[in-house]
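S.K.: Take this structure first; my questions come after.
The values are calculated or read from the model by the stated rules, or taken from the named source; none is laboratory data. Please read these numbers as outputs of a predicted model, since none were measured by experiment. All Cβ positions, even for glycine, are placed from backbone atoms using ideal geometry, and neighbour counts span all protein chains on display.
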Amino acid sequence: MLLKYLRRQVHITIFNVLIALFILGCSKDSSNRNSPERAVQIAMVDLFNNEKQTIFDALHPIGKATGIKVHSVDVNWKTLSPQSWRDVNQIEVRATLYWDGPIQKNGYTKFRTVYDNESEVWLGSEIIATNGVTNDEAIIMTTLFLKDMIED
C-alpha cells in the first residue's frame, strides 16, 4: 500500500527536484549545500514529512502519525555530472515514523523504501523495526482467527 501511494506522489517530487536542480545547477558533490544530491534529499524529506499519516496508514491498521525522521536519502546517479532528474538511477530512503495507536503510545516504525527512476516505480519497502502491529500482521491474525472460527 505504501508503494501505491508513493507512486502517485513521486510526480510531485519529480517536479520539486526539477525546479531545485534548475535553480541550483551545481555539481554532484553532496558536501555542497546546493548540489543536485542535496536537492533530491530535500525533496524526499519534504515528501515524507507532508505525507506521514498516509505512510502510517499504509503500514499500520489504526493510529495517528505524530512525526517522521528521514535518516538517509541515498541517490544512485547514472552520470558523474548530474544536471536533471533524468540523471537519477535510484533513490533509497530510510526513515522512522513516530505514531500513537489505541493500545501502543509513542510507537515507532523504521522502514526503507527504494524508488527506481528508470522504470518509474517504487521497487519495494521493508519494515526494519516496529513496536506495533503492521497491516500484514493484522491480515494474518484476522485470517487465523477466521480459520479457527470456521474449523470450530
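S.K.: Could you look through region 71-85, keep only residues that are within 20 Å of Asp46 (Cα to Cα) and either touching a Cys at 6+ places or on another chain (Cβ under 6 Å) or not small (Gly, Ala, Ser) (or both), and pick out the one that is modelled with the highest pLDDT?
M.R.: Ranking the candidates gives His71 first.
S.K.: For Leu59, all conditions in the list (1) out of contact with any Ser or Thr (no Cβ under 6 Å at 6 or more places or on another chain); (2) touching a residue at least 60 places away in the same chain (Cβ under 8 Å); (3) not charged (D, E, K, R) hold save one; what is the number of the exception?
M.R.: Unmet for Leu59, out of (1) out of contact with any Ser or Thr (no Cβ under 6 Å at 6 or more places or on another chain); (2) touching a residue at least 60 places away in the same chain (Cβ under 8 Å); (3) not charged (D, E, K, R): (1).
S.K.: Ile140 passes all but one of (1) farther than 17 Å from Gly67 by Cα; (2) surrounded by 15 or more Cβ atoms within 10 Å (Cβ to Cβ); (3) of a type in the set (A, V, I, L, M); which number fails?
M.R.: Answer for Ile140: the failing condition is (2).
S.K.: Still on this structure, I have one more. Mind listing whichever residues of region 50-76 are out of contact with any Phe, Trp or Tyr (no Cβ under 7 Å at 6 or more places or on another chain), of a type in the set (S, T, N, Q) and farther than 20 Å from Gln90 by Cα?
M.R.: Asn50, Gln53
S.K.: Mind listing whichever residues of region 101-137 are at pLDDT below 90 and in contact with a His (Cβ under 8 Å, 6 or more places away or on another chain)?
M.R.: Passing the criteria: only Asn135.
S.K.: Can you name the helices (runs of 4 or more DSSP H) wholly within region 2-70 that have at least 2 residues being surrounded by fewer than 15 Cβ atoms within 10 Å (Cβ to Cβ) and modelled with pLDDT of 80 or more?
M.R.: The helices (runs of 4 or more DSSP H) meeting that bar are 36-50.
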